[in-house]
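These notes are about the structure you will find just below.
The values are calculated or read from the model by the stated rules, or taken from the named source; none is laboratory data. Remember, predicted model here, so these are calculated numbers, not experimental data. No Cβ is skipped: glycine too gets one built from the backbone with ideal geometry, and neighbour counts run over all protein chains shown. Note: areas computed on protein heavy atoms with side chains; ligands, DNA, RNA excluded. Shrake-Rupley method; radii C 1.70, N 1.55, O 1.52, S 1.80 Å.
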Amino acid sequence: MHMEELLEILCDEASAGTRLDVFLSEVADLTRSASQKLIENGDAEVNGKPASKNYKLRVGDTVTVTTPEPECIEAAPENIPIEIVYEDDALIVVNKPQGMVVHPAAGHAGGTLVNALLYHAQGRLSAINGVVRPGIVHRIDKDTSGILVVAKTNEAHLSLAEQIKEHSVTREYYCLACGTFSQTQFTVDKPIGRHPKDRKKMAVTEKGGRHAITHFTVLAQYPGCALLRCRLETGRTHQIRVHLASLGRPVVGDPVYGSKNDKIAKKYALTGQLLHAALLGFNHPLTNAYVSFSAPVPPLFQSVLTGLDPNFNASLFESGRQ
């Protein structure tokens, strides 16, 4: 038997004039057809009364939605090859390829990093995040490649989660960003929250935004783009991508926040952003000693850099490191 979930949303000025079915699809992360079905079944009301799907919302309207609890997705072990950078009794450090989803979700029930890890670790992963996200302490986006740490024990999970919360974990990324930059080093300190009109996206926003800081170093400038090192001080969803997009210089190949005039993405037929989690450092949960792990940019990223500069030297990644 599934429990019902009650969701109550107050319509603000940004949503005024929006059709009820469109509004529900955005705020509840539903498909348009799913939101229309809720309305037809009487599970969505405006100011305590049933409303039609094409009702135009007004400022101050209260939308109440009753939704059944989604069916539990349980991750199953799958024999999928993954690159293990380091492993011991407490944790696993993985180099995730671009295009791999971290954990199962609607539309991605299998083929994820968690499915692969369950097979590799024979189920020995922390249980704090339940059966859908065992061992997952932090995530990187599907189309972002690079280093990720996974907890094998609950104790390791709690230790790593606390370090992430305290911003004591070192997280460095490399990305190719559209446009040119006048400064060699700069910091973006802008709050990030849900996009006011598209709930599936994040945005720089004062209203409901969470404190977000990213430090950038320009390693090389090419015609129409630049290679950046990005160091996270905080770790908000899509932080680097959103911060660069807010400057009008999105990550090359970004399908969500990118530029429609992204000539490099078109030239190299990119299907995802050129963003790589290159370095991760933290205090080991067992010894408390500081450890760090790194992974070189993947071949596709490297081929784009070589295309921009036939004499590209990987030692450039080490330059300007603070």
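Counting only residues that are in contact with a strand residue (DSSP E or B) (Cβ under 6 Å, 6 or more places away or on another chain) and of a type outside the set (A, V, I, L, M, F, W, C), which one in the range 267-286 is farthest from Leu158 (Cα to Cα)?
By that ranking, first place goes to Gln273.
Hey, Asn79 hits all of (1) part of a loop (DSSP other than H, G, I, E, B); (2) at pLDDT 85 or above; (3) farther than 30 Å from Pro285 by Cβ; (4) not hydrophobic (A, V, I, L, M, F, W, C) but one; which does it fall short on?
Single failed check for Asn79: (3).
Is there any pair linking a residue in the range 285-313 that is over 30 Å from Ser126 (Cβ atoms) to one that is open to solvent by less than 50 Å² (accessible area, probe 1.4 Å) and not in a loop (DSSP other than H, G, I, E, B), with Cβ under 7 Å and at least six apart or on different chains, and which?
Note: pairs meeting the criteria are Phe301/His276; Val304/Leu176; Val304/Ile264; Leu305/Leu227; Leu308/Tyr222; Asp309/Tyr222; Phe312/Leu305.
Could you tell me which numbered condition Tyr257 fails, if it satisfies all but one of (1) in contact with an Asp or Glu (Cβ under 8 Å, 6 or more places away or on another chain); (2) closer than 18 Å to Lys142 by Cα?
Result: Tyr257 passes all but (1).
Within the range 170-184, is even one residue surrounded by fewer than 23 Cβ atoms within 10 Å (Cβ to Cβ) and of a type in the set (A, V, I, L, M)?
Looking for residues that are surrounded by fewer than 23 Cβ atoms within 10 Å (Cβ to Cβ) and of a type in the set (A, V, I, L, M), one finds none in the range 170-184, hence no.
Restricting the search to the range 228-267, which residues are of a type outside the set (Gly, Ala, Ser), under 21 Å from Ala278 (Cβ atoms), in contact (Cβ under 8 Å) with a residue 60 or more places away in the chain and touching a Cys at 6+ places or on another chain (Cβ under 8 Å)?
Within the range 228-267, Ile240, Leu244, Arg249, Pro250, Val251, Val252, Ile264 qualify.
Within the bounds of the range 62-69, is there any residue that is of a type in the set (S, T, N, Q), at pLDDT below 80 and within 22 Å of Ala105 (Cα to Cα)? Write out each step before concluding.
Kept after step one, since they are of a type in the set (S, T, N, Q), are these residues of the range 62-69: 62, 64, 66-67.
Now restrict to residues that are at pLDDT below 80: 66-67.
Still in the running and within 22 Å of Ala105 (Cα to Cα): 66-67.
Yes, the range 62-69 has at least one match.
Consider Thr234 carefully, then state whether it is among the hydroxyl-bearing types (Ser, Thr, Tyr), in contact with a Gly (Cβ under 6 Å, 6 or more places away or on another chain) and more than 24 Å from Leu24 (Cα to Cα).
no
Here is a list of conditions, (1) at pLDDT 90 or above; (2) of a type in the set (A, V, I, L, M); (3) under 30 Å from Ala278 (Cα atoms); (4) more than 19 Å from the chain's Cα centre (by Cα), and Met100 meets all of them except one; can you say which number that is?
So the condition that Met100 fails would be (4).
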